[in-house]
Amino acid sequence: MTDTSKQVAFIGVGKMGLPMSELVARAGFGVTAFDQSAARLKEAREHGIAVAGSPAEAVNGRPWVITSLPDDAALRAVMLGPTGLIGAIAPKAVLIETSTVSAEASAEVDAAAQARGISYLRAPVSGNASIVHTGALSCFVSGPKEAFEIAKPLLASFTRAQTYLGASEEARYAKLAVNLMIAVSAAMMAESLALARKGGIGWQDILNVLDESAVASPMVKYKTAPLRKRDFVSSFSCKQMAKDLDLILGAGHAVGVPLQLAAQVRETYGALIAQGEGETDFIATVKHLERLSGLGEPKL
């Protein structure tokens, strides 16, 4: 790649976007960032990332644009409409969108991108803010295959694995499918732990049992570690999981898949949010089941 071909606009430098943009810069790309939040832009500048005064300025003439946005509404607001980014991105540029959004909103962006001659890669990342800086994120990718092949070095700068799945919205469904299993696993862990405690098993003992059992998936081990200390500080919040479950249920309705477990778990997260736990980590399902079971805090 020439120097000009390594210029990247990064739109959205929040909890995920900022450390991702730092990894991209560290890999030798020239990164210019924009975010709606002045505080986030200030933080990006303090981390050595160049910042632009507007989204249009950030993407101006740059062959690569990466976005990290919170939801469908933000995706549509940033990308589409008279002042949308699609109108400012250079034709033949590659747009890499890393968020968890619906296939419907993503398809709208694709139509607008195609009309402008922009290659649009859906590349939702899997992982959370606590591991981004280590390069341990993975991503699912769909969109034009030739754009994916060219984008591999850029994708590899902030993810350890990139799985190409097809030419359309396949990556969106992959991310929702994975997040569905994570959400259901959190609810399943909560019920298992409450049952074990009611059966007289000590807190550390049941966590050890899970860690050494047939169900000891990376997801389970990822959450038994903070649970040992009763650490519910959010790496991915109840509110975020509820948002993803709404997307998951919408996708299921759209394609005719009955997602009964997803519907039930969505109500669990609704209850947690109503109880003021919206910003707590999504494994707060454990606390929810303890309350329903009449259990207090366990002895650590």
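The values are calculated or read from the model by the stated rules, or taken from the named source; none is laboratory data. This structure is a prediction, so every number in the text was calculated from the model and none was measured. In this analysis, Cβ positions are derived from the backbone assuming ideal geometry, glycine residues included, and neighbour counts consider all displayed protein chains. Remember, those area values only see protein heavy atoms, side chains included, never the ligands or the DNA or RNA. Shrake-Rupley method; radii C 1.70, N 1.55, O 1.52, S 1.80 Å.
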>> Take the conditions part of a strand (DSSP E or B) and among the hydroxyl-bearing types (Ser, Thr, Tyr) and apply them to Thr32. Does it pass?
In response: yes
>> Condition check: within 22 Å of Gly250 (Cα to Cα), out of contact with any Cys (no Cβ under 6 Å at 6 or more places or on another chain) and free of Cβ contacts under 8 Å to residues at least 60 places away in the same chain. Does Leu95 satisfy that?
In response: no
> Is the range 242-258 home to any residue that is part of a loop (DSSP other than H, G, I, E, B) and in contact (Cβ under 8 Å) with a residue 12 or more places away in the chain?
Replying inline: no
> Does at least one position in the range 101-116 carry a residue that is open to solvent by less than 30 Å² (accessible area, probe 1.4 Å), closer than 20 Å to Met20 by Cα and either at pLDDT 95 or above or of a type in the set (Val, Ile, Thr) (or both)?
Replying inline: yes
> Among (1) under 21 Å from Ser126 (Cα atoms); (2) open to solvent by less than 20 Å² (accessible area, probe 1.4 Å); (3) out of contact with any Lys or Arg (no Cβ under 8 Å at 6 or more places or on another chain), which single condition is Asp35 missing?
Replying inline: (1)
> From Ala183, Ala194, which residue is under 24 Å from Ile131 (Cα atoms), out of contact with any His (no Cβ under 7 Å at 6 or more places or on another chain) and part of a helix (DSSP H, G or I)?
Replying inline: Ala183
> In the range 122-153, which residue that is surrounded by 19 or more Cβ atoms within 10 Å (Cβ to Cβ), touching a residue at least 60 places away in the same chain (Cβ under 8 Å) and touching a helix residue (DSSP H, G or I) at 6+ places or on another chain (Cβ under 7 Å) is nearest to Met219 (Cα to Cα)?
Replying inline: Leu137
> Can you name the condition, by its number, that Gly294 falls short on among (1) in contact (Cβ under 8 Å) with a residue 60 or more places away in the chain; (2) open to solvent by 40 Å² or more (accessible area, probe 1.4 Å); (3) within 19 Å of Ser192 (Cα to Cα)?
Replying inline: (1)
